[in-house]
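Taking it in order: structure first as structure tokens, then the write-up.
The values are calculated or read from the model by the stated rules, or taken from the named source; none is laboratory data. This is a predicted model, so every value here is computed, not measured. Cβ atoms come from the backbone with ideal geometry, glycine included; neighbour counts cover every protein chain shown.
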Amino acid sequence: MGIFNSEDQAQILHAISLAENRTSGEIRIAVEKRVKGTAMERAAYFFNKLGMHKTSLQNGVLIYLAVEDHAFAIIGDQGIHRQVGSDFWEETKALMLPHFRAGNMAEGLVAGVEHVGEQLKELFPAADGDINELPDEIFYGK
């Protein structure tokens, strides 16, 4: 899709890997050029499509980005959302937004992943035998 070069993609995947090594939570990123509907509707669509709701502790988080429309959303499963509430997602978006406005999409995603990862680490620390329940790679929509 050509949104991220190999260095940017590696930086994002590294941030996901580091975050997930400290938690039982799962973080995924879905990217497409244009949003169909609202960013939150698309985030919910990809959340379900990618099986984010199937994690054992309901602690999956999806960050959605529509590059050409300058739209993004974050959605967390019930296990994490119950504990952090809506303010946490808005706070995370506020950390990401300055990077996006400056045209640094990868840095914005990394900032979001790191912030979410810290919260997941506190609420859902990694335990012996934790497995990576979902792939880490960026999902590119059409």
Task: Options 66, 30, 44; residue that is farther than 14 Å from residue 138 by Cβ and among the small types (Gly, Ala, Ser) - done: 44
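The rows are residues; the columns are (1) touching a residue at least 60 places away in the same chain (Cβ under 8 Å); (2) surrounded by fewer than 17 Cβ atoms within 10 Å (Cβ to Cβ).
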residue	(1), (2)
68	no, yes
71	no, no
84	no, no
137	yes, yes
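Every residue, every condition in (1) at pLDDT 95 or above; (2) under 20 Å from residue 33 (Cβ atoms); (3) polar (S, T, N, Q), yes or no:
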position: 84; (1), (2), (3): no, no, no
position: 97; (1), (2), (3): yes, yes, no
position: 107; (1), (2), (3): yes, yes, no
position: 110; (1), (2), (3): yes, no, no
position: 118; (1), (2), (3): yes, no, no
position: 126; (1), (2), (3): no, no, no
position: 130; (1), (2), (3): no, no, no
position: 137; (1), (2), (3): no, yes, no
Open item on the list: Taking the conditions exactly as written (touching a Ser or Thr at 6+ places or on another chain (Cβ under 7 Å) and within 25 Å of residue 118 (Cα to Cα)), does residue 20 satisfy them or not?
Closed with: no
- [ ] Starting from residues that are in contact with a helix residue (DSSP H, G or I) (Cβ under 9 Å, 6 or more places away or on another chain) and modelled with pLDDT under 95, keep the ones in segment 38-55 and report whichever is surrounded by the fewest Cβ atoms within 10 Å (Cβ to Cβ).
- [x] 53
Open item on the list: Exactly one condition in (1) assigned to a helix (DSSP H, G or I); (2) modelled with pLDDT under 90 is false for residue 3; which is it?
Closed with: (1)
